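All remarks here apply to the structure that follows.
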Amino acid sequence: MNEKILIVDDERDICEILQFNLANEGYDVEVAYSAEEALGMLSAEHSLVLLDVMMGGMSGYRMAEKLRREGNPVPIIFLTAKDTENDMLTGFSVGADDYISKPFSLKEVLARVK
């Protein structure tokens, strides 16, 4: 069975690019366009969440905090335009395992996912 990745981003173009490229690498990829939608989709089958910070409704930071409070150990990689040192430190403090700033290198994302 392929590893399952959940992409959570409200930018459809980014979701499509990531989904296409990750699927080509052999991953089973699902997409949610909001944190609220993602929380309804997330299951123990997911081995990774690629998470944007700035979305309408619940932010990626809040989603990560919620997952960690509930004891969900799924690895989280923030993939976001929030690129200051404080943004990155906030991401790690709420439970991120990695943090990639937009615009991103697709090769870098694939390497970090692996």
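The values are calculated or read from the model by the stated rules, or taken from the named source; none is laboratory data. This is a predicted model, so every value here is computed, not measured. Ideal geometry is used to build each Cβ from the backbone, glycine not excepted, and the neighbour counts take in all protein chains shown. Just so you know, the surface numbers come from the protein's heavy atoms only, side chains and all, with ligands and any DNA or RNA stripped out. Shrake-Rupley method; radii C 1.70, N 1.55, O 1.52, S 1.80 Å.
The selection criterion, being surrounded by fewer than 15 Cβ atoms within 10 Å (Cβ to Cβ) and either of a type in the set (A, V, I, L, M) or touching a Gly at 6+ places or on another chain (Cβ under 9 Å) (or both), does not hold for residue 32. Cβ-Cβ distances below 8 Å connect the following pairs, each with a first residue in the range 65-90 that is within 15 Å of residue 44 (Cα to Cα), a second residue that is of a type in the set (Gly, Ala, Ser) and open to solvent by less than 60 Å² (accessible area, probe 1.4 Å), and a separation of six or more residues or different chains: 67/95; 68/95; 74/47; 75/47; 76/64; 76/95; 76/96. If you go through the range 96-114 and pick out every residue that is touching an Asp or Glu at 6+ places or on another chain (Cβ under 7 Å) and farther than 20 Å from residue 14 by Cα, you end up with 0. Among the residues making up the range 15-26, those that are surrounded by fewer than 21 Cβ atoms within 10 Å (Cβ to Cβ) and touching a residue at least 24 places away in the same chain (Cβ under 8 Å) are 17, 21, 25, 26. Filtering the range 91-106 for residues that are surrounded by fewer than 15 Cβ atoms within 10 Å (Cβ to Cβ) and of a type in the set (Asp, Glu) leaves an empty set. Within the range 47-87, the set of residues being touching a strand residue (DSSP E or B) at 6+ places or on another chain (Cβ under 6 Å), open to solvent by less than 70 Å² (accessible area, probe 1.4 Å) and more than 21 Å from residue 28 (Cα to Cα) comprises 53, 60, 64. Is it fair to say residue 10 is at negative phi, part of a loop (DSSP other than H, G, I, E, B) and touching a residue at least 40 places away in the same chain (Cβ under 8 Å)? Here the answer is yes, as residue 10 does meet what is asked.
For the range 81-114, a residue qualifies if it is out of contact with any Lys or Arg (no Cβ under 9 Å at 6 or more places or on another chain) and of a type in the set (Lys, Arg), and the qualifying residues are 107, 112, 114.
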